[in-house]
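A.B. asks: Got a structure for you, questions after.
Bear in mind that the values in this text are calculations on the coordinates, not laboratory data. Being a predicted model, the structure only gives us computed values, none of them experimental. Backbone-built Cβ (ideal geometry, glycine too); neighbour counts: all protein chains shown.
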Amino acid sequence: MLHIFATIKSNSTENDYRCRAGATMKKALRFVYIGLGFLFAGLGLIGVILPVLPTTPFLLLASFFFSRGSERFNRWFASTKLYKNHLESFLQSRSMTPKTKVSLLAMSSSVLLLSAYLVEIPLVRLFIACVMVYKYYYFVFKIKTIKPEIHCEGRLSDAKRAP
């Protein structure tokens with residue numbers, strides 16, 4: 001009878017160790033997610049300044065990693081001006097203005113075309129061409145196009161003015 005209790009006790013300590021090790025791994029993984037969130041948020045911020053880097057994909061990745069890493073960091077990132085200017089409307093409506101679509105397609109196409117020009121391997125060029133075709137397909141048929149909002153702050157529009 002004592003042997004059974006000793007076995008149960010030893011198994012419970014092993015399970016406790018496993019739980020603590022799993023919790024440690026989850027905590028470490030959360031730090032990795034938060035670190036990757038900051039990395040991609042930084043790249044997105046650089047993408048705002050430099051036209052060569054695309055901003056939106058990096059900010060989407062940052063949002064993904066912050067949401068996996070920490071609710072607090074995710075709330076902080078969602079409250080930043082960078083997020084509100086570049087991602088909020090897209091994530092809410094899954095749509096873009098024509099100007100946004102054209103600017104994203106122009107920048108990414110120029111980078112892909114430059115890469116295809118510099119690479120001499122035909123298989124890599126074919127892959128880049130497939131990526132470009134898919135990118136245009138996705139932007140044209142999968143992302144809804146909306147009209148840009150016109151803000152008239154402090155002014156009455158022509159229809160509301162008195163004669």
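A.B. asks: PRE reach from Lys26 (point 7 Å along Cα→Cβ): which of region 54-86 fall under 15 Å by backbone N?
C.D. replies: In region 54-86, the label zone of Lys26 (backbone N under 15 Å from the point 7 Å along Cα→Cβ) covers 68-71.
A.B. asks: Please report, in cubic angstrom per residue, the volume enclosed by the convex hull of the alpha-carbon atoms of region 73-117.
C.D. replies: 95 Å³
A.B. asks: Filter the cross-link list Lys81/Lys147; Lys99/Lys135; Lys84/Lys135; Lys26/Lys81; Lys99/Lys142 down to pairs whose alpha-carbon distance in this structure exceeds 26 Å. Write down the numbers at each step before the final one.
C.D. replies: On the way: Lys81/Lys147 22 Å; Lys99/Lys135 16 Å; Lys84/Lys135 24 Å; Lys26/Lys81 30 Å; Lys99/Lys142 16 Å.
With Cα atoms farther than 26 Å apart: Lys26/Lys81.
A.B. asks: At what distance in nm do the modelled label points of Lys144 and Phe90 sit from each other, each positioned 7 Å from its Cα along Cα→Cβ?
C.D. replies: 1.7 nm
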